[in-house]
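Structure first, commentary second.
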Amino acid sequence: MSVPVLVVTGFLGAGKTTFINQLLQRSEGRRISAIVNDFGSINIDAELIADAADTVVGLKNGCICCSLQGDLLRTLKLVLSQPAKPDQIVIEASGVADPRGITETLMDPILWHDIRLDAVVAVVDADEVAANPGRLRDELWRAQVEAADFIALSKTGLSETSGEPLRAELVWLNKTLVFETDGDAMPIEALLVADRPPAQTGQAKVGASRFTSIEWQSAGPVSLDRFQAAIDRLAPKLIRAKGIVNFIERPGQSFLLQMVGRRATLQPFPKFEPDCRLVLIGEAAVIDTETAHARLSEIFTS
């Protein structure tokens, strides 16, 4: 089974290391390996994260979007060769890195069967953007934000008015999956999604009350057409979807659904699982729980 990789990007000083530490402290037993890239000869960020992650590897004197891509490949292979395989890998990019170079490295055929890009999070310093509106036109800042599936706003000590240009820009860039990193506001389960969806059917809160999770399980295969139709109808209101599904049209083969924002994949699962299991995550104010359950009931009705 491939290991999911979360890439954390963001401008210099945005708060990436603090954000990752928050994730690690609330990882709930997951084995997480962190790869940290500091643009300099002394990798301070790796030292700050070292106590929280199971494995921390620092890359220095360059940025992994360019000069250290070979080092990143070697480091990933080193992490994957450990006796206890991690449940997740978190990569902190340097503040001067364009994350597109990192995501391209993760697509290397050497790693296809071992890892997969799960999501990209861009940490944005809201206070800094308010004080320096020109940052919105910065080419690197925009590349980091545009590459992201999630936007994490840090240092949000702003009045509603002073934050308007930033939020307007994020809307213009079609970035609707925005949350704040302060307190309990981070949707941890949306950022660190387990490879195996829970076997229990039901509904549970995710992180702050802003987010909710709907879980569903059913025995036996389902119709591919009905599945696609139901997910298509639910997708605009979801920030995450994950599950193992069997289709009537493909007997004996299970499939893994993964959706992050508007990016979705459906690929063969390494082994056959007799049950269908789905986890849907969205904002409580947006997703209608009863409607979602009704759509799921349609999927699993023979």
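Within the bounds of segment 182-193, is there any residue that is under 23 Å from VAL121 (Cβ atoms), modelled with pLDDT of 80 or more and part of a strand (DSSP E or B)? The answer is no, given that none of the residues of segment 182-193 is under 23 Å from VAL121 (Cβ atoms), modelled with pLDDT of 80 or more and part of a strand (DSSP E or B).
On the stretch given as segment 109-161, residues that are part of a loop (DSSP other than H, G, I, E, B) and either among the β-branched types (Val, Ile, Thr) or open to solvent by 40 Å² or more (accessible area, probe 1.4 Å) (or both) total 14.
Only residues that are surrounded by fewer than 20 Cβ atoms within 10 Å (Cβ to Cβ) and touching a residue at least 12 places away in the same chain (Cβ under 8 Å) were counted in segment 235-253, giving 9. Of the residues in segment 275-289, at least one is at pLDDT 80 or above, surrounded by fewer than 21 Cβ atoms within 10 Å (Cβ to Cβ), part of a strand (DSSP E or B) and among the acidic types (Asp, Glu).
Can LEU296 be described as in a helix (DSSP H, G or I) and touching a residue at least 40 places away in the same chain (Cβ under 8 Å)? Yes; evaluated as a whole, the condition is true for this residue.
If you check VAL96 against the conditions, is it more than 27 Å from ILE281 (Cβ to Cβ) and either of a type in the set (A, V, I, L, M) or part of a loop (DSSP other than H, G, I, E, B) (or both)? In short, yes.
Somewhere in segment 159-167, is a residue of a type outside the set (A, V, I, L, M, F, W, C) and either touching a residue at least 40 places away in the same chain (Cβ under 8 Å) or within 30 Å of ARG31 (Cβ to Cβ) (or both)? Within segment 159-167, none of the residues are of a type outside the set (A, V, I, L, M, F, W, C) and either touching a residue at least 40 places away in the same chain (Cβ under 8 Å) or within 30 Å of ARG31 (Cβ to Cβ) (or both).
The values are calculated or read from the model by the stated rules, or taken from the named source; none is laboratory data. Please read all numbers here as calculations on a predicted model, not as lab measurements. Don't worry about glycine lacking a Cβ; one is built from the backbone with ideal geometry, like all the others, and counts go over all protein chains shown. These accessible areas exclude ligands, DNA and RNA; they are computed on the full protein's heavy atoms, side chains included. Shrake-Rupley method; radii C 1.70, N 1.55, O 1.52, S 1.80 Å.
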